[in-house]
Each structure stands twice: as structure tokens, then as C-alpha cells.
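Nothing in this text is a laboratory measurement; each read-out follows from the coordinates by a stated rule. Here the structure is a predicted model, which means the values were calculated and not measured. Because the Cβ atoms are built from the backbone with ideal geometry, glycine has one as well, and the counts that use them run over all protein chains shown.
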2 protein chains.
Amino acid sequence: MIEYRNIRIALLGAGSVGAEVASLLLEQGEELGERVGAGLELVGVAVRDLDSPRTADIPRELLTTDAESLILGADIVIELIGGLEPARSLLLTALNSGADVITANKALLATHGHELFEVAEQLGAQLYYEAAVAAAIPIIRPLRESLAGDRIERIYGIVNGSTNYILDRMDAEGISAEEAQRVALELGYLEADPTLDVEGHDAAQKAAILAGLAFHTAIPLESVHREGISGVTQEQVSAARAAGFVVKLLAVCERLQDPDTGEDGVSVRVHPALIPRDHPLGAVHGGNNAVFLEAAAAGPLMFYGAGAGGLQTASAVLGDVVSAARRHVIGGPGVAESTHANLPVLPISKVTTRYQVTLEVRDEPGVLARIASEFSEHGVSVEAVQQSVSAAAAGGPEDGPATATLVIGTHAAREAALSATVAALEASAVVESVSSVLRVEGT
Amino acid sequence: MIEYRNIRIALLGAGSVGAEVASLLLEQGEELGERVGAGLELVGVAVRDLDSPRTADIPRELLTTDAESLILGADIVIELIGGLEPARSLLLTALNSGADVITANKALLATHGHELFEVAEQLGAQLYYEAAVAAAIPIIRPLRESLAGDRIERIYGIVNGSTNYILDRMDAEGISAEEAQRVALELGYLEADPTLDVEGHDAAQKAAILAGLAFHTAIPLESVHREGISGVTQEQVSAARAAGFVVKLLAVCERLQDPDTGEDGVSVRVHPALIPRDHPLGAVHGGNNAVFLEAAAAGPLMFYGAGAGGLQTASAVLGDVVSAARRHVIGGPGVAESTHANLPVLPISKVTTRYQVTLEVRDEPGVLARIASEFSEHGVSVEAVQQSVSAAAAGGPEDGPATATLVIGTHAAREAALSATVAALEASAVVESVSSVLRVEGT
């Protein structure tokens, strides 16, 4: 057997993931080397401050603040510092120096992925990023390779563990959104600034990455429709539960035809949605992630596991290290990123889904007919209506005129038609308020 | 961009999977070629009889009965004829001619995989087999690559759709094993000769393949402990349901220490087992498959989807075609099969699991103490005992002496100790019969 020189690995960043990667490389480098056929050598770890406290015991002589010099001597560069800069510049330096690069940086990929993939392809280098979506759950490689001979029609992803934890607690315990968020923060499921998670930014970045891979199309992050969970109430969650649904923050990526031109396109969106409780995604509890997809030949598939955590994310990085190291042992380029399909990303107004609309209406004769006509005038077909007397009505006459709650389920309708319907309902004299509008997926 | 010559693909077999693969290659070869950067050309389909009826419309001029000649002109050979011979010889011919090979033949891999992988490695050729386990569910590639930097501790697989369908019907509808098997046969979930599925042979082949990959160890098929579902009764299934469990045919692959020598080893076994209903595997219904695994860093992961079907299996084959074609475009060897760990495969007697034992005993004073002492004398610790008056007792004195049913749950115990306990119980004067012994997994 041919003996290869050691493969030199540079690590940028020693935070929660970086520290685990360093530990695993130091502890298991020899065994991993056997799987590869060459020694794996961690040649250095670039950090901002040599004296910061770290969760792993990294030998002092491996630490450096000079990331640029470290990169220039490496075969494989692992970027775990996060953020856009200097991560982007450092990865470009690494690619230009002939190294393969591994990153878990979803923000960077969703923002500058196209540029990075182009540079990598021109230079015959590889860019690995299994850890960027759903941590240790293998989803990037299956999409890039296993399903490369199939046609992905749709992806439903629960790709943000923090918001799934919050919604799951609200569902399981009937607690308010504020209370669930407080618990999530206490238990470390949520960052001190929860905006990235709660407002769906994190999920939108992952959706852009998944859709790009699945549809062979570059997806600009700003083309991803994004709604977070900050508007989701306990009333919505318990009403969903009573109706056999569960509220999840979904990343939905789907092929669809432009309803106006008939041309092929894709839609990428992140929003809370109702899904049936017996859907495989309905059983994804706590901080777990899952990616459910429908392929033309393979049918429905689901990939499930922990979506976060330093050690879990490190596992995905190490898998990429082994892939990259094997490529160094055997030579030649690997998998190229493909955007040959280049489908247009359609705006949310062109998407068709089912909806559930909850209204507070005046409890008087003829109201239901007026509401129904608002839907039909805008071309939205009503599938089911459920009426209940609302709390205000039960409170007695001193609370104002009697009102009733209407829950209206629609057939598949265009987003634009539904928006116009909701606007009309809000302006209607018989409607007190539109209390909830949720899309229904997975039925 | 460099233009490559067409990649020549030979297909051996045009059964339910082969016909779908041929159709997909003929219909989508151009689009797949774009993903690869070279044309994909189906140069021929080897069949036994040119005039057999087929489910797909394969142009007559592509058909041949001369598999050997077809192979010699191909870059990629896809083997979908099944069985050991001539599949083995044809794949060796293909490897020796310099082709990469793709197979969905689990029996062949479980029996002659070691030989085929060695030949492939010596020749620098690749052997792809994503379709051999769990059809379209990507599990081979994640094990080979995504988790290559992690340490797999345990795999629980529902890898046979026919038996899962039978057990699921028994669980959902309370029907007998015979009735469920009859329905499965009617609906095409079961072959006319159900032995391969029902007796666990099919699952054992897949378990050997999965364990080999996960533990980097060659697993002889005869070292896989195998029990089918033919002994599973409706009484067991409904008792399991009442206790919050579900009976599944599991393929269990795990690392364990030899309890006698302390040395590292692995256990590979297929048997019916009780798993908690709220375990992710508990929600795998009908003919679906799922592979649940626990990795040291990644934690628990699950891969779920259809485990059979011509089109679904063809999707996995096409993914391998794209991988193999990319390798032809870029040159150089790909992923080598690794058996560097070479752990011993321990016999079932050295395995430790929990058990649930159901006994019919004489309903008289002191029986429970005698039963309990049989367990403790053999070193098996009892966790819980549940007693109910059995049907025989309810029937009155004319049915013989009063008996009671005892359901005994044990703590983790060695298989050998449990077997000795069961033998002692069967010989005991106070035991009428041992009606059920089931392992409990996933708790």
C-alpha cells in the first residue's frame, strides 16, 4: 500500500463546535487516519484571543492568532468562526491556496455561497458543509449524492431546534409563548438575542441552502419568504391540537409552476404551519430537527436527529474531514455544486396552499353568508366552517355586542387571493377581528 | 469546459427494478448528464429471454442475452438480476474489465461482499450498493461518508417492509398472524414463498451489510443471529400494546464488550423485539423501513422512507449511477470499503438485553417466590412482575387446576443466563408453560 504524507488540517475558531472538533481530531485522528489511508494532523487552531477560556483542552502550541499563515500551510481548512467576515475572506484565501474547505457557517453560505462555490469549482477545490444544516443529521450529502438521480419535488424541514422546542412546549404543556420562550432561554435552547431563531432568519438561511441543492438553482436569501413564530399564540396551538394538527415552524421548498405564465419555478418559504399530528414531522419533539422530502421516484423520505449541539455539529464536520482527506489521498476533484437548472424563485404571492382562518364575527343572522361571499368573490374555495360562541359573548352584554368565533378551512388557494380575502374580511362591518391565519401543509 | 465522451452504462436484468432504471435512464439521461458533465448512455440491457413481458418499454435493439459482451464495452455495470450466480461472476467480470459496478443485490453482498470489495479495491474500481438496504432511503452513503468521522454505537433497523406490514396490521387491527400474512400476500407485500421475509433471512442480509459498514468489520452472514416473526402471536402483540410497547422485527447491530474476556466486539442479530410506542421506530407503519442509529458524537439519528418498490429502488440505483459517472468524469478511485477494525462478532449468548417473559403458572401460594428464585439463581434481575388470572382459570374447575399469567420484565441480563432461566422455568413443577419470551430494545 502506498504511504501518504500526513494531511494537514487547520481549524479556524475554537468555540463550542471548534473545541469539540479539535478534541475529536486529537483523540481520534489516528483511527480516522486508518479509515482514510493517511495521517490526519491538526496543525493549528486560529483564535482571536490566546487566553480565552475554552471547553476543550487544546495544547497551547497549537493556538495562533494568525489565521492567514495557518491557512497557507494546510491541506484542509475548517471554518467554525461564524459570521460573514472575516469568514468569507479566510475561506477565499484557503481555496486560493489550494486547500479544501469545510464550514458549518449557514449565514455565510446563504449569503455568499454562490461566490464560494464558483471559486471552488474554478480552482478544482471542494467546499463541504454537512454541518451547516441540521447539525449531525446527514442531509447535505444525501441531497448532493444519494438523490442526485432523482427529482426532489418538495421539502418540509423542521430546521430550527429552538423554535421547535418552544412550539413543542406550548403544545405539550399549554403554556404561553412567553413562558415557553423563557424556559428555552433558561435551558440554553435560545440565545440571549433570540431574534435569529424566533423570527425565522436561521431557518431561512437553511431553507436557501437546501432549496439550492435540491433544485440545482441559486437561491438568493432575500427571495426566501420569512415569517417567525413571534405571532403564534397558545390559542392557535390549542385550537390546532383540538383539530388534530400541530403548529410547526416549517421551511418549505417546492417546485411549482408560475400560475400566471405556466413556467417552472420554485418557492422557498419559512412560516408557522399546521401539519397533521400523525404526519412523521408531527412526532419531532423538543429541540430535534427533521427534514421530510418528497422525491419523484424515492417517494417520501425523512431524516431525523439532533439539530444543534457542539458535539453533534462536530460529528458532521468530522465526516466532511474524512471525505476531504480521502480526496487528498486519491486526488482529483469531487462533487461540483450544480445550478444548471436555474429555476426562477417565485414570490410568495404565487404559492398555492390550504389555509385555516379564524375570525371573530358579530353573532347575528346573515353573517356567515357575508363571510362566505368574501371568500368566493376572491376565488378562495371554503372546505369547512366551524363556529363557536366566543369568550366575549359568554361574558354577557356589558362586554359589547355578542360575537362568535368562525374557523374556516380553505381548499388550496393562491396566497395573493387569500391575502386579498383577509384584507376584505378585516374591512368588513360584520368582522370584529381576524385572529389567526395559518397555512396548512402536509395533508 | 472540457467535453467528455459519453459514459457507457450496461444494465443486467430488466425485472421490476431493472425496468424502472432503464426507463429513468432513457427519459432523464440527458438531465442527469448535465449534473455530471458527460452524457449517460444506456448501451444495452442483458436479459435471459428477449421475449419476456416487461413493465417498461425498452427498445428492442438494446436487449441482449449476451451479458458478458455487454459488460466488456461498459464504463458502469448495473447488476439487478439478483441471486448469487451468475451475479457474482458477472460482477467480477465487470470489475476486471475496469468498470465500476452498482448492485442492489443484498444476498450477494452479504455472502460474497468481502471478496467483491477486495477485488474492487485491488483494481481501483468502485462498488456502489445504496439500493441493497432500505431501497431509496439513503443509509449506505451516510454510513460510508457522513458518519465516517463518528463512532456508531448501535443500529436498530426496521429493514424488512413485508414483516413490518404484517406486524403493523396485527397491532392496528388485532388480527391474527395468519390473517395479516394473507392480506400481505394479497396486496403484494409478501412473495409467494414468504420464507425469506418471514423467517428474517432478508433482514439478516441487510443487518450484515449495515454492521460491516458501521463497525468497519467483515460480518459473515452465518454469524448473524436470526429469528423471524413466525412465532409472534396476536396475544403477544396485544399484550405489548397494553403495556405501551409495539412488537417490531428489528435488525440490531451493536458494539459490546465480550462479557468473559472484556475485549471489544460486535453483535449482529435479527429478532422480534418490544420497543416503546413513543420511540421514533414505533411510528414506522405499513411497509415502510427506518434505520435508527446512535453515534457517539452525532447522538440518535433516524432515516425513514419506503423500503421497497421498483421505482423507489431505482431512485437509489440512479443516485449511484450519478456518483459513478462523476468519478468517471473526474478520474481516480472513490471510497474504499474499510474492514480495518476487524472486531470479533460475538455469539448471541454474550449479548445483554432486557426481556419480557410471560408464564402460565399454577395459581397457588408460594409460586411467585419459586419463580423469582429461578430468575435470581441464574443471575437475572427482575424489574417488574404483573399477574393476571388467565382464561383457563376463568373457565372454571372443569378446565383443570387454576392457573395465572405472570408477565415478568427483567433488567438487562445476558442471553445465556436468560436461556438457562427459561429452561429451568420450563422444567419447573409450578410452571404450566412459558408462553412468550421477547427482548426489549430502545428503552
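Can you tell me what percent of all Cα-Cα pairs in segment B:1-141 are more than 21 Å apart? Value for segment B:1-141 (Cα pairs over 21 Å): 41 percent.
The count of lysine pairs in the protein assembly as shown with alpha-carbon distances below 19 Å, taking only pairs 8 or more places apart or on different chains, stands at 4. If you line up the long axis of helix B:310-330 against the longest principal axis of chain B, both from Cα atoms, how many degrees apart are they, to the nearest 10? Between helix and principal axis, roughly 50 degrees.
Considering all different alpha carbon pairs of segment A:351-440, the Kirkwood hydrodynamic radius works out to 13.2 Å. Under a Gaussian network description of chain A, with springs only between Cα atoms under 10 Å, the residue in A:L147, A:L221, A:L127 that fluctuates furthest is A:L147.
Remark: the protein assembly as shown carries a charge dipole of roughly 420 debye about the Cα centre, counting +1 on each Lys and Arg Cβ and -1 on each Asp and Glu Cβ. Summing +1 for each Lys or Arg and -1 for each Asp or Glu among the other residues whose beta-carbon sits under 12 angstrom from that of A:S89 gives -3.
Both the radius of gyration and Dmax for segment B:140-306 are 16.0, 50 Å, in that order, over alpha-carbon atoms.
Using only Cα coordinates, the Kirkwood hydrodynamic radius of segment B:129-214 works out to 14.3 Å. Neighbouring Cβ atoms from other chains, within 10 Å of the Cβ of residues in A:130-143, number 4 on average. Of all the options B:A427, B:A148, B:A203, the one that moves most in a Gaussian network model of chain B with Cα springs shorter than 10 angstrom is B:A427.
Treating only the Cβ of Lys, Arg, Asp and Glu as charged (+1, +1, -1, -1), what charge dipole size does chain A show about its Cα centre? Round to the nearest 20 debye.
Working: 29 positive and 59 negative charges, 157 e Å.
So the magnitude is around 760 debye.
Taken along its principal axes, the alpha carbon cloud of segment B:239-289 reaches lengths of 40, 24, 16 Å, longest axis first. Counted by Cβ distance under 11 Å from A:A110, the other residues give a net charge of 0, where Lys and Arg count +1 and Asp and Glu count -1. A Cβ-based charge dipole, computed about the Cα centre of segment A:227-386 with Lys and Arg at +1 and Asp and Glu at -1, lands at about 660 debye.
Over the C-alpha atoms of segment A:68-196, the Rg to Rh ratio, Rh being the Kirkwood estimate, stands at 1.08. Mean residue ellipticity, 222 nm, helices only, chain A: the sum of -39500 (n - 2.57) across DSSP H runs of n ≥ 4, divided by residue count and rounded to 500, is -11000 deg cm²/dmol.
Shown in residue order for segment A:46-57 are the 3J(HN,Hα) couplings computed by the Karplus curve 6.51 cos²θ - 1.76 cosθ + 1.60 at θ = phi - 60°: 7, 10, 7, 9, 4, 9, 4, x, 10, 7, 10, 8 Hz (x for Gly and Pro).
Between A:E27 and A:A242, the contour length at 0.36 nm per residue exceeds the Cα-Cα span by 72.3 nm. How big is Rg to Rh over the protein assembly as shown, alpha-carbon atoms, Rh as the Kirkwood inverse-mean-distance radius? So for the protein assembly as shown, dividing Rg by the Kirkwood Rh gives 0.99. Once C-alpha pairs closer than 8 Å and six or more residues apart are averaged by separation and normalised to the residue number of chain A, the relative contact order reads 16 percent.
Using only the alpha carbons of segment A:401-443, what is the convex hull's orientation-averaged projected area in square nanometres? Show your work: numbers first, answer last.
On the way: hull surface 14.1 nm².
Over every viewing direction, the Cα hull of segment A:401-443 projects on average to 3.5 nm².
Taking chain B as a Gaussian network of alpha-carbon nodes connected by springs under 10 Å, the highest mean-square fluctuation of the residues B:I209, B:I348, B:I155 belongs to B:I348. For chain B, the longest principal axis of the C-alpha atoms and the axis of helix B:106-123 are separated by about 40°. Just tell me the longest site-free run in chain B, where the sites are GluC sites (Glu not before Pro) in a DSSP loop having at most 11 other beta-carbon atoms within 10 Å. Segment B:4-262 is the longest. The angle separating the long axis of helix A:87-96 from the principal Cα axis of greatest extent in chain A is about 40 degrees.
Could you state, as a whole-number percent, how many of the C-alpha pairs of segment A:209-297 are farther apart than 16 Å? Please list the in-between numbers first.
Values: 2478 of 3916 pairs.
The share of Cα pairs beyond 16 Å in segment A:209-297 comes to 63 percent.
Here, P(r) means the percent of Cα pairs in each 10 Å bin from 0 to the largest distance; for chain A it is 4, 20, 27, 23, 14, 8, 4, 1, 0.
A simple spin-label model places pseudo-atoms 7 Å from Cα toward Cβ; at A:L50 and A:S388 they are separated by 6.5 nm.
Determine the relative contact order of segment A:178-229: mean sequence separation of Cα pairs under 8 Å and six or more apart, normalised by residue count, in whole percent. Write out the running numbers ahead of the final one.
Details: 36 pairs, mean separation 17.3, N = 52.
Relative contact order comes out at 33 percent.
In chain B, a dipole from Cβ-located charges (positive for Lys and Arg, negative for Asp and Glu) runs towards its positive end, and of B:L108, B:I155, B:Q236 it is B:I155 whose Cα lies farthest in that direction.
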